[in-house]
Amino acid sequence: METSFLRTTLPTAKPLPAFQTLAPRPRPLPLRRSTIRAAITRGRKEDTVAAVREQLEGCYLLAGIRYEGLTVKQLQGIRDSLPETCRLLVAKNTLVGKAIEGTPWEALKPCMTGMNAWLFVHTEEVPAALKPYRAFQKEERLEETNDFVGAVFEGKFYAPGDFKALETMPSRAEVYAKLLGALQGPATSVVTTLQAPARDVVSVLSAYVRKLEQEAGAA
């Protein structure tokens, strides 16, 4: 018996589809450290300028103090000794200069060199505001190295050699007492009072008169 073999045709295998290669998504470039640092620095500078401008509101006197060589502990000690009406701020000259630009305080620019701290006095009692730092200078023997570099009071610049006029300025009570005594005396006493030296009652009395006139005009 013959055995026949059937020819079997195997199906042709279909080619596998080619894999599609996807291009990788571009990653966002990271911010450079220098860019981040510049943004932070710019923000801090703007905050400092804003802080200075805030302190200038209601300020009677602005003085610069050479603080080079002082420690953080010493600066904090000065702050603690000041009256509540005063603030001590450490800021770069350029930032303070920007804050006072176009204001009467711009007269302070001649002393904007070196490392300065800034004393903002929000009271008419100027001598009492300056006294704590003078005491600190004397105690630490820093009269020569860490003196006031200048101040502005009523739009006028006071160099370090002019501070005696500010430190000997009569208080409000003394002004009232002297004025009252002059008014109760003969007319010549009033004239004598008004002709006193600039560092005496005239400068303070004139400031009070202008203030009263401004308040009356605003009312």
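The values are calculated or read from the model by the stated rules, or taken from the named source; none is laboratory data. Fair warning: this is a prediction, and the values are worked out from it, not measured in the lab. The accessibility values were calculated without ligands, DNA or RNA, using every heavy atom of the protein model including side chains. Shrake-Rupley method; radii C 1.70, N 1.55, O 1.52, S 1.80 Å.
Assorted remarks:
- Carbon + sulfur, % of accessible area of the stretch 63-130 - ligands and nucleic acids excluded, 1.4 Å: 56 percent
- Karplus-derived HN-Hα couplings along the stretch 94-101 (A = 6.51, B = -1.76, C = 1.60, θ = phi - 60°), whole Hz, x at Gly and Pro: 5, 6, 5, x, 5, 5, 9, 4
- Legend: residue pairs Lys131/Lys156; Lys73/Lys98; Lys109/Lys156, Cα-Cα distance threshold 22 Å; pairs beyond threshold, Lys73/Lys98.
- Taken one residue at a time, the phi angles of the stretch 114-128 give Karplus couplings (6.51, -1.76, 1.60, θ = phi - 60°) of x, 9, 10, 10, 10, 9, 9, 10, 9, 8, 6, 7, 4, x, 5 Hz. Gly and Pro are set to x.
- Residue-level accessible surface for Glu143, protein heavy atoms, 1.4 Å, Å²: 80 Å²
- In terms of accessible area, using a 1.4 Å probe and ignoring ligands and nucleic acids, Val152, Val90 rank largest first as Val90, Val152.
- For the stretch 50-169, the solvent-accessible area with a 1.4 angstrom probe is 52 square angstrom per residue.
- Residues whose amide H comes within less than 5 Å of that of His122, counting only those at least five positions distant or on another chain, are Tyr60, Cys86, Arg87 (H built at 1.01 Å from N in the peptide plane).
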